[in-house]
Amino acid sequence: MSSDKFTLPYEVDRAWCPGCGNFSIHKILQESLAKAGIEPEKLVISSGIGQAAKMVQYIKCHYFNGLHGRSLPVATAIKACNPELTVIAESGDGCTYGEGGNHFIHTVRRNPAIVNIVHNNMVYGLTKGQGAPTTMKGMRTSLQLHGYALEPFNPLATALALGAGFVARVCSNFRQQATEVIQEALNYPGYALVDVLHPCVTFNKLNTAKWYKENTYTLENHDPSSLEAAMDKALETDRLPLGIFYQQNKETFNERSHAYEQTRTPVCQRKVDPEKITQLVS
């Protein structure tokens with residue numbers, strides 16, 4: 001399938017700064033979806049608020065653009081109602097790990113069969129570059145003029161500790177690797193976290209494309225079935241590993257949900273008695 005299938009049939013002005021890593025992620029996502037054999041009409045992407053959250057408006061698909069930090073519960077509900085859909089929750093590091101941090105934690109615990117793509121540029125790009133959960137300690141931002149004082153949040157280690165079955169990190173500068181990893185995530189039958197490092201050319205002057213080239217490396221001779229090895233790699237901060245840290249199949253939210261114990265018919269296909277609905281809402 002050609003990635004052109006996910007190109008909108010009309011012109012759209014993508015509201016990102018020239019040189020933003022989101023442009024690369026847009027291409028990576030289209031290529032990954034095509035290689036995974038997904039049809040646009042069977043794809044739903046939910047997002048929150050921010051520069052990354054605008055992605056849903058630039059892909060040919062069904063989408064839900066919601067509140068800040070709320071992409072994951074929407075994605076979970078959509079997949080629960082119609083398991084036949086491919087569902088992606090896509091937003092930025094601030095939206096997903098900050099405002100949406102509580103949802104992030106409990107989505108990992110529930111293990112819905114969705115892909116969580118997080119655009120991680122280590123700042124709040126939409127709101128002019130203040131420190132975000134993943135901002136590096138000591139980095140000067142538009143708000144933290146003397147340097148960011150907090151230890152950065154580690155999403156990969158957190159996801160692994162909570163029992164996530166698929167945990168990966170890629171960088172938008174390395175398009176082939178990122179495409180392959182996201183394709184694997186799309187084929188994974190559970191919650192898949194893909195943290196996507198990318199430059200913010202306007203507000204993050206530290207983590208540039210050159211910085212990522214010098215401070216990342218590709219995982220080699222790594223066993224993705226080993227939780228211990230995955231955690232060791234997730235805790236590395238001197239140079240950031242890229243690739244699939246951990247991959248193990250686990251029982252999904254739909255498989256263990258009480259709503260599916262009596263019937264395997266998706267909620268969207270069940271016949272409902274209008275009189276029962278009236279009784280519930282009256």
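Where a number appears in this text, it was derived from the coordinates with a stated rule and is not lab data. Remember, it's a predicted structure, so these values are computed and weren't measured experimentally. Virtual Cβ from ideal backbone geometry, glycine too; neighbours counted across all protein chains shown.
Quick check: residue separation of Lys27 and Asn102 times 0.36 nm, minus the Cα distance between them. What number comes out in nm?
Fully extending the segment from Lys27 to Asn102 adds 24.0 nm.
For a distance above 27 Å, tell me the whole-number percent of Cα pairs in segment 20-173 that qualify.
More than 27 Å apart: 20 percent of the Cα pairs in segment 20-173.
Taking 0.36 nm per residue of separation and subtracting the Cα-Cα distance, what length does fully extending Arg109 through Lys42 add?
Here the answer is 21.6 nm.
Can you sort Arg175, Arg14, Arg270 from fewest to most other Cβ atoms within 10 Å of each residue's own Cβ?
Numbers: Arg175 15, Arg14 12, Arg270 9.
Final ranking by Cβ density, sparse to dense: Arg270, Arg14, Arg175.
Using Cα pairs under 8 angstrom and six or more residues apart, how large is the relative contact order of the chain, in percent?
Reported as a whole number, the value is 17 percent.
Straight-line reach from Lys60: which lysines fall under 17 Å, measuring Cα to Cα and dropping same-chain residues less than 8 apart?
Lys5, Lys27, Lys35, Lys42
Kindly provide the helix-only [θ] at 222 nm of the chain, computed as the sum of -39,500 (n - 2.57) over DSSP H runs of four or more divided by all residues, to the nearest 500 deg cm²/dmol?
Calculated at 222 nm, the ellipticity per residue is -8500 deg cm²/dmol.
Measuring from centroid to centroid over Cα atoms, what is the spacing of segment 1-74 and segment 198-234 in Å?
Their Cα centres are 23 Å away from one another.
Using the 10 angstrom Cβ neighbour count as an exposure proxy, how do Thr202, Thr237 rank, fewest first?
In increasing order of surrounding Cβ atoms, one gets Thr237, Thr202.
Contour minus end-to-end for Ala149 and Ala209, with contour as 0.36 nm per residue of separation and end-to-end as the Cα-Cα distance?
Once the chain is fully extended between Ala149 and Ala209, it gains 19.2 nm.
Among the GluC sites (Glu not before Pro) in segment 16-112, which ones are in a DSSP loop with at most 14 other Cβ atoms within 10 Å of the Cβ? Mind listing them?
For GluC sites (Glu not before Pro) across segment 16-112 that sit outside H, G, I, E and B with at most 14 neighbouring Cβ atoms in 10 Å, the list reads Glu84.
What residue among Phe174, Tyr188, Leu160 has its Cα farthest toward the positive end of the dipole of segment 121-212, where the charges are +1 on Lys, Arg and -1 on Asp, Glu, each on the Cβ?
So the residue we want is Phe174.
Where does each of His68, His103, His198 land when they are ranked from fewest to most other beta-carbon atoms within 10 angstrom?
Numbers: His68 17, His103 20, His198 28.
Ordered by Cβ neighbours within 10 Å, fewest first: His68, His103, His198.
For the chain, which DSSP H helices look membrane-span-like by this rule: Cα extent along the axis of 15 Å or more and mean Kyte-Doolittle of at least -1.0?
Those that pass (Cα extent of 15 Å or more, hydropathy at least -1.0) are 21-35, 71-81, 175-187.
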